[in-house]
Structures are given as structure tokens and as C-alpha cells.
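Notes follow once the structure below has been shown.
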Amino acid sequence: MDRPERAINIGGHMALTEETLNDKIEVLNMPAGYPVVQVRTASIIKRDGEEISRNFHRRVVTPGDDFLAEPDADVLAIIQAVFTAEAQQAYADHQAAQGGE
């Protein structure tokens, strides 16, 4: 989901830019026997090319999510590698045991 820099012009001069990128992608193995993919996205604000702010947002993708709609090719490749049929079944079994779907 890397998004190119977006410039904000003030008075005809480029003062601020905003960049969004997935800077950390982790695979966590849950105790119930299935993996999840945790993605950290950084939003970076720069003034005249110098970083002045960085904020993070995290999201977790589980084998039960509709991950084929994932917009980031790197995240999708990792998801497809770790969300095997066995992982998806382990997730479904865990959800059923918890009274979920």
C-alpha cells in the first residue's frame, strides 16, 4: 500500500509532503495453530524534504479475512504463502470452538 508522496502547496511553494508506506509486515503464529499477518503502516509528513512527523497504524489479517482484495502486492504474497489450506482450517476450527462463525 505504498502511496507516493503527495505535496501540499502553500502560497505557491511546496511546503509539506505526505507519504504512506507499509514499513513492517510480520507473520505471527497463534497458539491455536494458525498464522496471522500483522501490517504496520507509516504515515510520514515532511516539510521541505525533512521529516517532521511519523504516525503508525497496525492491522491484522487472519485466514478468515477476504485477503484476495489486499491492495499491497508484498502483503498479498506473504498472505498467500502462509495462509495454506491447513492454516485456514485451523483458523476455522478455532473460531468454531470459540462459538464464532
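The values are calculated or read from the model by the stated rules, or taken from the named source; none is laboratory data. Everything quoted here is computed from the prediction, not taken from an experiment. Please note: Cβ atoms are built from the backbone with ideal geometry, for glycine as well, and neighbour counts cover all protein chains shown.
Here are some notes:
- Restricting attention to region 79-101, the residues being out of contact with any strand residue (DSSP E or B) (no Cβ under 6 Å at 6 or more places or on another chain) and surrounded by 14 or more Cβ atoms within 10 Å (Cβ to Cβ) number 7.
- Restricting region 66-101 to residues that are in a loop (DSSP other than H, G, I, E, B) and modelled with pLDDT of 95 or more leaves a set whose member that is nearest to T17 (Cα to Cα) is F83.
- Those residues of region 65-101 which are of a type in the set (D, E, K, R) and either under 18 Å from I25 (Cα atoms) or in contact with a Cys (Cβ under 8 Å, 6 or more places away or on another chain) (or both), in sequence order: D65, D66, E70, D72, D74
- Where a residue in region 27-42 is at pLDDT 95 or above and its partner, wherever it lies, is assigned to a strand (DSSP E or B) and aromatic (F, W, Y), with Cβ under 8 Å and at least six apart: R40/F56; T41/F56; A42/F56
- Being under 20 Å from Q98 (Cβ atoms), touching a strand residue (DSSP E or B) at 6+ places or on another chain (Cβ under 8 Å), touching a residue at least 24 places away in the same chain (Cβ under 8 Å) and surrounded by 13 or more Cβ atoms within 10 Å (Cβ to Cβ) is true of T62.
- Number of positions in region 50-91 that are of a type in the set (A, V, I, L, M) and touching an Asp or Glu at 6+ places or on another chain (Cβ under 8 Å): 3
- Matching residues in region 26-57 - criterion: being touching a helix residue (DSSP H, G or I) at 6+ places or on another chain (Cβ under 6 Å) and either buried (at least 16 other Cβ atoms within 10 Å of the Cβ) or outside any strand (DSSP E or B) (or both): A32, G33, Y34, P35, V37, V39
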